[in-house]
Amino acid sequence: MTNTPLDDIITPRLILRLMSTDVIEACLAGNLRSAGNLLGAGIPKELLEHTSSFRYGQQQLDSDSDYFPWSARAIILPEEKVMIGMIRFHTRPDPEYLHTYVRDAVELGYRIFTGYRRLNYATEALKAMMTWAQGNFGVQKFAVSISPDNTPSLQLVTRLGFIKIGEAMDELDGMEYVFLYIKNS
């Protein structure tokens, strides 16, 4: 059986499942029960604390229908059938805003909910997403932007081999360090 870019990404401990427009709309409406039923996993209320990534994703889809495979994925613990975080690409590869730093890269963003942090779920999800992008689309370069105050994420990307290549002022998040990773074949 051949996997498509829309299929779940399965890791040893996680399922990374695309969040459909219906799931995201239910989340934005605060209806986590309905969203969880559609997703196939319980969604904690903590998701509602930061909905800006959903709004950004909707804007991306409105301007680029081919963005969907790159959009938000729920990070799910299959045994518990619970969403423990989310991960996404900010755009499809080679967005203009990254040209200052690098060409042909794609930027990742992720969040793990309280109670599930520091258990290497983010590491596992990041590696799986990069492998997915490389296997399905030939992407070799990956960027992340992290607040200088987010020590756990700074440590995570450093452990994975990301190199700091710049700094940027984000309208919502303030100062961020920009990191790059080049994945070998």
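The values are calculated or read from the model by the stated rules, or taken from the named source; none is laboratory data. The structure displayed is predicted, hence computed values, not measured ones. Every residue, glycine as well, gets a Cβ built from its backbone with ideal geometry; the counts of neighbours run over all protein chains shown.
Go through the range 160-183 and count every residue that is without any contact (Cβ under 8 Å) to a residue 24 or more places away in the chain and assigned to a loop (DSSP other than H, G, I, E, B). Talk me through it step by step, then tell me what you get.
At the first step, the residues of the range 160-183 found to be without any contact (Cβ under 8 Å) to a residue 24 or more places away in the chain are 161-164, 167-169, 171.
With assigned to a loop (DSSP other than H, G, I, E, B) added as a condition, the list becomes 161-162, 171.
Qualifying residue count for the region: 3.
For the range 64-77, name all the residues that are modelled with pLDDT of 90 or more and either within 23 Å of Asp173 (Cα to Cα) or assigned to a helix (DSSP H, G or I) (or both).
The answer is Asp66, Tyr67, Phe68, Pro69, Trp70, Ser71, Ala72, Arg73, Ala74, Ile75.
Go through the range 1-42 and give me each residue that's in contact with a helix residue (DSSP H, G or I) (Cβ under 7 Å, 6 or more places away or on another chain) and among the charged types (D, E, K, R).
Within the range 1-42, Arg13, Arg17, Asp22 meet the criteria.
Considering Val144, Val157, which residue is assigned to a strand (DSSP E or B) and surrounded by 15 or more Cβ atoms within 10 Å (Cβ to Cβ)? Walk me through how you get there before you give the answer.
Numbers: Val157 fails: assigned to a strand (DSSP E or B).
The unique qualifying residue is Val144.
Filter the range 10-51 down to the residues that are small (Gly, Ala, Ser) and either without any contact (Cβ under 8 Å) to a residue 40 or more places away in the chain or in a loop (DSSP other than H, G, I, E, B) (or both) and list them by number.
Of all residues in the range 10-51, those small (Gly, Ala, Ser) come to 20, 26, 29-30, 34-36, 40-42.
Residues satisfying the conditions are Ser20, Ala26, Ala29, Gly30, Ser34, Ala35, Gly40, Ala41.
Restricting to the range 84-141, give me the number of residues that are part of a loop (DSSP other than H, G, I, E, B), of a type in the set (A, V, I, L, M) and more than 15 Å from Leu180 (Cβ to Cβ).
Initially, the range 84-141 is screened for residues part of a loop (DSSP other than H, G, I, E, B), giving 90-95, 99-104, 113-120, 138-140.
Narrowing further to those that are of a type in the set (A, V, I, L, M): 102, 119, 139.
Of the ones still in play, those that are also more than 15 Å from Leu180 (Cβ to Cβ) are 119.
Going through the range 84-141 one residue at a time, the tally reaches 1.
Of the conditions (1) over 19 Å from Phe113 (Cβ atoms); (2) at pLDDT below 95; (3) of a type outside the set (Ser, Thr, Tyr), Leu48 satisfies every one except a single condition; which number is it?
Answer for Leu48: the failing condition is (1).
So in the range 101-125, with the set limited to residues that are among the hydroxyl-bearing types (Ser, Thr, Tyr) and under 22 Å from Pro12 (Cβ atoms), which one is farthest from the chain's Cα centre (by Cα)?
The first filter runs over the range 101-125 and keeps only residues among the hydroxyl-bearing types (Ser, Thr, Tyr), leaving 101, 110, 114, 116, 121, 123.
Okay, now just the ones that are also under 22 Å from Pro12 (Cβ atoms), so 110, 116, 121, 123.
Values: Tyr110: 4, Tyr116: 16, Tyr121: 12, Thr123: 12 Å.
Here the answer is Tyr116.
Please go through the range 75-100 and pick out each residue that is more than 15 Å from the chain's Cα centre (by Cα) and surrounded by 17 or more Cβ atoms within 10 Å (Cβ to Cβ). Walk me through how you get there before you give the answer.
Restricting attention to the range 75-100, the residues satisfying the condition of being more than 15 Å from the chain's Cα centre (by Cα) are 77-82, 94-100.
Within the range 75-100, Leu77, Val82, Leu98 meet the criteria.
Looking at the range 102-121, which of the residues that are farther than 16 Å from Trp70 by Cα and of a type in the set (Val, Ile, Thr) is surrounded by the most Cβ atoms within 10 Å (Cβ to Cβ)?
Looking at the filtered set, the residue picked out is Ile112.
What's the total number of residues in the range 12-31 that are more than 23 Å from Asn120 (Cα to Cα) and crowded, with 19+ Cβ neighbours inside 10 Å? Show your work before the answer.
In the first step, residues of the range 12-31 are kept if they are more than 23 Å from Asn120 (Cα to Cα); the result is 20-31.
Still in the list and also crowded, with 19+ Cβ neighbours inside 10 Å: 23-24, 26-27.
Adding up the residues that qualify gives 4.
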